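Colleague: Can you keep this structure in mind? I'll have questions shortly.
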Amino acid sequence: MSDLKKYPAILGGTAVRKIPFPKVNNMGIEEKALLSEVIDSALLSGFVARKGEPFFGGPKVRHFEKCISETYGVKHAVTVNSATAGLHAALAACGIGPGDEVIVPPYTMSASAAAILMCQAVPVFVDIDKNNFGLDPSCVEKNITPHTKAIVLVHLFGMPARVDEILAICRKHGLKLIEDCAQAPLARFNNQLVGTFGDAGILSFNQNKTITTGEGGVVLTNDDTLATRARLVRNHGEGIIADFPELSIENTLGWNYRMTELEAAVGIAQWAKLSELTEWRRQRAHELSDLLRGIPGLKTLNEKNSTAVYFTYPLLFDAKEWSIDKHAFVKALQAENIPCAPQYVKPIYWEPCFQQKIVFGRGGYPFNSAVYKGAVSYEKGLCPVVEDLHHNTLVNLFTCYKPVSAEDIQDVASAIMKIWQYREDIAKMGKESRV
Ligand SMILES: *Cc1c(COP(=O)(O)O)cnc(C)c1O
């Protein structure tokens, strides 16, 4: 123990990192300039709930939407005030309502499933493929019932799911496909942007996403009817639908999901930075993967057929190889001042609203609705891959973003190497502290 530098911090050695990882700050003069224009114009929102130009929002909202639709090569980008709102608007626009089931993974932000409940439909949780954290197509097939109307496919951690196979299932069974790309802007599958495969794709611009407007989101679609219906849900649809006699009224109640000119102004400036910020993440992530390649018991992402954008850097941890569990590994890594967590979220169906089936009132609606003829299960153990990731294998690193440098990434790898070398001592310490 003479050389404290080589010894893990958790065993009393010196931490690899003396200074914390850098903070994210991608705001600058571009955002300020566009915001000033909005303030000077005194038009903070251009929306009015009537048919005509103001149905589409103010000049900054429309400009932002044009930037997004051009990058994505889609006909419509409908901005909203959060991705949660976007998911709800897209599902409602697809006609999802009471009595319907919608398939969704339980390993995602709770909003992916909550948006289904907002439509008074029933979320059906289906297990994922641990190689890409997206829905497992074979599990999806097994869970399709006569009530299934749509699939919410999440591209988690910025890693594309097996969207080609999921799309084929949707076509075969006549299901709508909504892609939740909140964590995956610019991610590609077979060189096609995810979010452009299904009926609609959703991006998030909340504070923690790759680019931000504080709060915000967008619905991407090539479907004219879906776009108009989503715009009605965004903007007091019940008061305008009479002016759209060609559209079905169903599920066009409006929730006021409109984005302000202020957020759109920031969004325009942020959008111009998205590709650089994404490349930065990918470069750091690939450096890290190269450095970790020789260490046993760690599995990094395999980007075969896909371009991941590393919202986080997920690792699969093999406790047998390491002789410590992932919680001990993460504690040791945190002691080296490397930002990481031993898990993502709990499987969503563990949450009380699903365990107790209490959402709207206390009577069990929509699970026991007279129009719902299915029998959904939320029992623990429902999705074994997700539960195993949660308990045993998933480790998330938060180390790949601008302005993290190649040297910072070296520190991550050095810290992990050090823990690997002293894993037996860490295991012993764990045993001693338990007696
Ligand atoms: C962040 C996130 C959302 C919700 O985004 P908001 O803009 O905060 O509503 C939905 N799904 C996933 C996968 C997310 O990561």
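Colleague: Restrict the check to the stretch 358-370 and report whether at least one residue is hydrophobic (A, V, I, L, M, F, W, C) and closer than 17 Å to residue 317 by Cβ.
Modeller: Within the stretch 358-370 (the criterion being hydrophobic (A, V, I, L, M, F, W, C) and closer than 17 Å to residue 317 by Cβ), the answer is no, since none of the residues qualifies.
Colleague: Quick one: would you say residue 167 is without any contact (Cβ under 8 Å) to a residue 60 or more places away in the chain, in a helix (DSSP H, G or I) and more than 15 Å from the ligand (Cβ to nearest atom)? Reasoning before the result, please.
Modeller: Working: without any contact (Cβ under 8 Å) to a residue 60 or more places away in the chain: yes; in a helix (DSSP H, G or I): yes; more than 15 Å from the ligand (Cβ to nearest atom): yes.
In short, yes.
Colleague: Further question: Filter the stretch 416-435 for residues that are over 28 Å from the mean Cα position of the chain (by Cα) and either acidic (Asp, Glu) or under 30 Å from residue 274 (Cβ atoms) (or both); which is surrounded by the most Cβ atoms within 10 Å (Cβ to Cβ)?
Modeller: 425
Colleague: Quick one: residue 247 ticks every box in (1) within 16 Å of the ligand (Cβ to nearest atom); (2) touching a Lys or Arg at 6+ places or on another chain (Cβ under 7 Å); (3) without any contact (Cβ under 8 Å) to a residue 24 or more places away in the chain except a single one, so which number is it?
Modeller: Going through (1) within 16 Å of the ligand (Cβ to nearest atom); (2) touching a Lys or Arg at 6+ places or on another chain (Cβ under 7 Å); (3) without any contact (Cβ under 8 Å) to a residue 24 or more places away in the chain one by one, residue 247 breaks only (1).
Colleague: Separate question: I want to confirm something. Restricting to the stretch 233-261 and keeping residues that are hydrophobic (A, V, I, L, M, F, W, C) and under 18 Å from residue 84 (Cβ atoms), which single residue is surrounded by the most Cβ atoms within 10 Å (Cβ to Cβ)?
Modeller: Residue satisfying both the conditions and the ranking: 259.
Colleague: Turning to a different aspect of this structure: Go through the stretch 13-65 and give me each residue that's surrounded by 15 or more Cβ atoms within 10 Å (Cβ to Cβ) and at positive phi.
Modeller: 57
Colleague: Looking only at the stretch 201-212, decide whether some residue is in a strand (DSSP E or B) and within 27 Å of residue 142 (Cβ to Cβ).
Modeller: yes
Colleague: Can you name the number of the only condition in (1) part of a loop (DSSP other than H, G, I, E, B); (2) touching a Phe, Trp or Tyr at 6+ places or on another chain (Cβ under 7 Å); (3) away from the ligand (no atom under 16 Å from the Cβ) that residue 231 fails?
Modeller: Of (1) part of a loop (DSSP other than H, G, I, E, B); (2) touching a Phe, Trp or Tyr at 6+ places or on another chain (Cβ under 7 Å); (3) away from the ligand (no atom under 16 Å from the Cβ), only one is false for residue 231: (1).
Colleague: Let me ask another. Could you figure out which of (1) within 16 Å of the ligand (Cβ to nearest atom); (2) surrounded by 22 or more Cβ atoms within 10 Å (Cβ to Cβ); (3) closer than 19 Å to residue 360 by Cβ isn't true of residue 83?
Modeller: All conditions pass for residue 83, except number (3).
Colleague: Has the stretch 199-209 got any residue that is of a type in the set (Ser, Thr, Tyr), more than 17 Å from residue 79 (Cα to Cα) and either within 14 Å of the ligand (Cβ to nearest atom) or at pLDDT below 95 (or both)?
Modeller: No, the stretch 199-209 contains no residue that is of a type in the set (Ser, Thr, Tyr), more than 17 Å from residue 79 (Cα to Cα) and either within 14 Å of the ligand (Cβ to nearest atom) or at pLDDT below 95 (or both).
Colleague: If you don't mind, there's one more thing I want to ask. Can you find a residue that is closer than 30 Å to residue 226 by Cβ and in contact with a strand residue (DSSP E or B) (Cβ under 7 Å, 6 or more places away or on another chain) anywhere in the stretch 40-48? Talk me through it step by step, then tell me what you get.
Modeller: Step one: filter the stretch 40-48 for residues closer than 30 Å to residue 226 by Cβ, giving 43-48.
With in contact with a strand residue (DSSP E or B) (Cβ under 7 Å, 6 or more places away or on another chain) added as a condition, the list becomes none.
No: the stretch 40-48 contains no residue that is closer than 30 Å to residue 226 by Cβ and in contact with a strand residue (DSSP E or B) (Cβ under 7 Å, 6 or more places away or on another chain).
Colleague: Considering (1) closer than 30 Å to residue 174 by Cβ; (2) within 15 Å of the ligand (Cβ to nearest atom); (3) of a type outside the set (D, E, K, R), say which one residue 212 fails and leave the rest.
Modeller: The single condition residue 212 does not satisfy is (1).
Colleague: Tell me yes or no: at least one residue of the stretch 59-68 is touching a strand residue (DSSP E or B) at 6+ places or on another chain (Cβ under 8 Å) and among the aliphatic types (A, V, I, L, M).
Modeller: yes
Colleague: Scan the stretch 145-159 for residues that are farther than 18 Å from residue 378 by Cβ, away from the ligand (no atom under 16 Å from the Cβ) and in a loop (DSSP other than H, G, I, E, B) and jot them down.
Modeller: 146
Colleague: Could I ask something else about it? Which count do you get for residues in the stretch 81-117 that are over 11 Å from the mean Cα position of the chain (by Cα) and within 19 Å of residue 206 (Cα to Cα)?
Modeller: Qualifying residue count for the region: 11.
Colleague: Now for a separate question. Could you go through the stretch 99-106 and let me know if any residue there is more than 9 Å from the ligand (Cβ to nearest atom), of a type in the set (D, E, K, R) and either in contact with a His (Cβ under 9 Å, 6 or more places away or on another chain) or under 30 Å from residue 390 (Cα atoms) (or both).
Modeller: Yes, the stretch 99-106 has at least one match.
The values are calculated or read from the model by the stated rules, or taken from the named source; none is laboratory data. As the structure is a computational prediction, the values presented were derived from the model and not from experiment. Please note: Cβ atoms are built from the backbone with ideal geometry, for glycine as well, and neighbour counts cover all protein chains shown.
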